[in-house]
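Undergrad: My questions all concern the structure below.
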Amino acid sequence: MPHTTSLWHRIEKAIIRGLVSLIARFYLRRPDQTEIIAIKIPTFKVAFYAFMNELSYLLGRPAGYRLYTLNLEVTNACNLSCEMCPVNHGMMRAKGLMDFNLFTKIIDETPLLEFVLVFQWGEPLLHPRLFEMIDYAYMRGIRTMITSNGALLTDEMIGRILGSRLERITFSVDGTSETHTQIRGFPYETLKKSILSLKAERDRRESTLKIDTSMVVWDKTEPHVEAYLAEWTPIADRVQLVPRLAEIARRNRCRELWRGQLVVFWDGRVSACCVDYDGQLILGDANHERIQDIWNGPKMRALRRAHVKRRFGAICRGCGEYRTEKVSPRFS
């Protein structure tokens, strides 16, 4: 029976991967997003949730079908000060760490969750109970992923990462050695050496952890896209490019409001959008409300209705991304 189940899962994954590839290329017209979509939609059940959410978006319904993924900001503090990131360049809200009990409350009260990005703004490896959170989510059947700047990737941290139930870790890499070191103030060579050490130890332990890299594309890094891809594609399990956020007038409603995802800040406040770094689109408070209720609550419904009518508020009005042919936009 285990062999049969494993075979079925492989068939299911292959079918979904094929469908996702077609959808990304011909429907979304974003073929470079095939991999990340496939990661977040691994089963027919989740594919059905995604389809129904997309249908709600197309019909302009004020309610989404299913909330099945979350961004949980375990901290908005960061040990680096990257040029393009607002965390240490303009973020006004207080810095802090998410309480472990709040994290478990959110997990327990949102039983249909499938995937959680344990990150939003800040460096998640700074949280002293991060791996307890990841393992707690795993015990509830929830897959987890984090994004890190890699500056804390010591041998001890590598051991803690591989000893946890984390599914994927993405490291931020900005172009080549010169651009990365300049933009992030952290040596590129040190980061690469640490990632290679993590990969070697992962392989030695035969861990299933996936190691990805991601580069923010903007005028300083765009000339180095090809060099970045050439260097990291043989190393990482997935190599990603994302355009930098930019103030560009919005013309169309944003499908993110229907996609099945919310952002919970470290203090429990819930925002509608990952772009909202200072909390101007607060929908509720996870300390006192269930995430499921906030997902289709009156504020979220009102926001969806406003987008359907092309009435965009301050955050949404200027929500755009760096324009380049080398990577497709994430938000539209």
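The values are calculated or read from the model by the stated rules, or taken from the named source; none is laboratory data. All figures in this text were calculated on a predicted structure; none of them were measured in a lab. Backbone-built Cβ (ideal geometry, glycine too); neighbour counts: all protein chains shown. Heads up: the accessible areas ignore ligands, DNA and RNA and are worked out on the full protein's heavy atoms, side chains in. Shrake-Rupley method; radii C 1.70, N 1.55, O 1.52, S 1.80 Å.
Undergrad: Name, by its number, the condition in (1) open to solvent by less than 80 Å² (accessible area, probe 1.4 Å); (2) farther than 26 Å from residue 242 by Cβ; (3) at pLDDT 80 or above that does not hold for residue 47.
TA: (2)
Undergrad: In segment 61-79, what count of residues is obtained for those that are of a type outside the set (S, T, N, Q), in a loop (DSSP other than H, G, I, E, B) and open to solvent by less than 20 Å² (accessible area, probe 1.4 Å)?
TA: Residues flagged as of a type outside the set (S, T, N, Q), in a loop (DSSP other than H, G, I, E, B) and open to solvent by less than 20 Å² (accessible area, probe 1.4 Å) within segment 61-79 amount to 6.
Undergrad: Please specify each residue of segment 208-225 satisfying the condition of being open to solvent by 40 Å² or more (accessible area, probe 1.4 Å) and in a loop (DSSP other than H, G, I, E, B).
TA: 208, 219, 220 - these are the residues of segment 208-225 that are open to solvent by 40 Å² or more (accessible area, probe 1.4 Å) and in a loop (DSSP other than H, G, I, E, B).
Undergrad: When only residues in segment 108-128 that are in contact with a strand residue (DSSP E or B) (Cβ under 9 Å, 6 or more places away or on another chain) and either over 27 Å from residue 82 (Cα atoms) or of a type in the set (Ser, Thr, Tyr) (or both) count, which is most open to solvent (accessible area, probe 1.4 Å)?
TA: This residue is 114.
Undergrad: What number of residues within segment 83-107 are part of a loop (DSSP other than H, G, I, E, B), modelled with pLDDT of 90 or more and open to solvent by less than 20 Å² (accessible area, probe 1.4 Å)?
TA: 2
Undergrad: Just one of the numbered conditions (1) open to solvent by less than 20 Å² (accessible area, probe 1.4 Å); (2) within 18 Å of the chain's Cα centre (by Cα); (3) not acidic (Asp, Glu) is not true of residue 42; which one?
TA: Every listed condition holds for residue 42 apart from (1).
Undergrad: Could you tell me which residue of segment 185-200 is most open to solvent (accessible area, probe 1.4 Å), considering only residues that are of a type outside the set (Gly, Ala, Ser) and touching a Ser or Thr at 6+ places or on another chain (Cβ under 8 Å)?
TA: Residue satisfying both the conditions and the ranking: 189.
Undergrad: Would segment 308-327 turn up any residue that is closer than 21 Å to residue 55 by Cβ, in contact with a helix residue (DSSP H, G or I) (Cβ under 9 Å, 6 or more places away or on another chain) and either modelled with pLDDT under 95 or part of a loop (DSSP other than H, G, I, E, B) (or both)?
TA: Among the residues of segment 308-327, not one is closer than 21 Å to residue 55 by Cβ, in contact with a helix residue (DSSP H, G or I) (Cβ under 9 Å, 6 or more places away or on another chain) and either modelled with pLDDT under 95 or part of a loop (DSSP other than H, G, I, E, B) (or both), which makes the answer no.
Undergrad: (1) over 18 Å from residue 155 (Cα atoms); (2) buried (at least 18 other Cβ atoms within 10 Å of the Cβ): which one isn't true of residue 182, the others all being true?
TA: Of (1) over 18 Å from residue 155 (Cα atoms); (2) buried (at least 18 other Cβ atoms within 10 Å of the Cβ), only one is false for residue 182: (2).
Undergrad: Residue check: is residue 292 in a strand (DSSP E or B) and at pLDDT 90 or above?
TA: no
Undergrad: In this structure, is residue 25 of a type in the set (D, E, K, R), farther than 17 Å from residue 115 by Cα and open to solvent by 80 Å² or more (accessible area, probe 1.4 Å)?
TA: yes
Undergrad: State the number of residues belonging to segment 298-312 that are open to solvent by 100 Å² or more (accessible area, probe 1.4 Å) and in contact with a strand residue (DSSP E or B) (Cβ under 6 Å, 6 or more places away or on another chain).
TA: So the answer is 1.
Undergrad: Got a sec? Which of 24, 63 is in contact with a helix residue (DSSP H, G or I) (Cβ under 8 Å, 6 or more places away or on another chain), free of Cβ contacts under 8 Å to residues at least 60 places away in the same chain and of a type in the set (A, V, I, L, M)?
TA: 24
Undergrad: Inspect all residues belonging to segment 317-330 and state whether any of them is under 24 Å from residue 112 (Cβ atoms) and among the polar types (S, T, N, Q).
TA: Checked against the condition, which is being under 24 Å from residue 112 (Cβ atoms) and among the polar types (S, T, N, Q), segment 317-330 yields no hits at all.
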